[in-house]
Amino acid sequence: MVFVNKFLKNQRGTAFIEWLFILPMIIMIITFGIEMGFAMYDFATINYVASATAIEAARKGEFDDEVAVRTAEYLTNWTSVGKRMDIVRSDTAITEPEQVVVWGPPTGEKFQRGQMITVGLSYPIEFKAFYMDTLAHWIVADQRLALKARASAPSEVYFEP
């Protein structure tokens, strides 16, 4: 009986030490799943917004500031960190580390029916857990990770010459 009690007591101690090694990995796997869920949600949202913006610009025949403002409002309301980031409009496809960039043709450039209007977004990823941010930058070897989306649509407006 004494041998069985010592054996069980030793097994409980071993199981506790094994849990000390496994628990951080379990926490990282769960956190990774949650963080990637936010990233996939944001990726789906910016892809939808890019295509909706291209269609709206095609209906107007130009990518004006009104379309860019509506796009920025949608991103502010429907992305995970949109309320905390600045959203800027650009004429070229650039990636800013601390800003969401909505890019497209310059204001005032009109597109005749059938010409393609291309617009896009650059959305920096911001992880919630500090160790996920450090791990992602270490794995990718980049200072800032960004989701990018681009969409094109043919112009629907005919401008009289």
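The values are calculated or read from the model by the stated rules, or taken from the named source; none is laboratory data. All of these numbers come straight from a predicted model, not from anything done at the bench. Here the Cβ positions follow ideal geometry from the backbone for every residue, glycine too, while neighbour counts run over all protein chains shown.
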Revision key, fill the gap. Taking first residues from the range 86-106 that are under 16 Å from I46 (Cα atoms) and of a type outside the set (F, W, Y) and second residues anywhere that are outside any loop (DSSP other than H, G, I, E, B) and at pLDDT below 85, the pairs with Cβ under 9 Å that are 6 or more apart or on different chains are none
Review point. Do the conditions hold for F159, that is, is it within 17 Å of the chain's Cα centre (by Cα), assigned to a loop (DSSP other than H, G, I, E, B) and not hydroxyl-bearing (S, T, Y)?
Key: no
Check your understanding: Of all residues in the range 130-152 being touching a residue at least 24 places away in the same chain (Cβ under 8 Å) and farther than 23 Å from T76 by Cβ, which is surrounded by the most Cβ atoms within 10 Å (Cβ to Cβ)?
Key -> M132
Review point. Does the range 127-147 contain at least one residue that is within 16 Å of Q99 (Cα to Cα) and outside any loop (DSSP other than H, G, I, E, B)?
Key: yes
Exercise for review: Can you give me the number of residues within the range 104-117 that are more than 18 Å from L75 (Cβ to Cβ) and crowded, with 16+ Cβ neighbours inside 10 Å?
Suggested key: 3
Review point. Taking the range 38-65 as the search range and keeping residues that are of a type in the set (D, E) and over 19 Å from Q99 (Cα atoms), which one is surrounded by the most Cβ atoms within 10 Å (Cβ to Cβ)?
Key: E62
Exercise for review: Please find, among T45, T31, T53, the residue that is under 25 Å from the mean Cα position of the chain (by Cα), over 17 Å from L147 (Cα atoms) and assigned to a helix (DSSP H, G or I).
Suggested key: T31
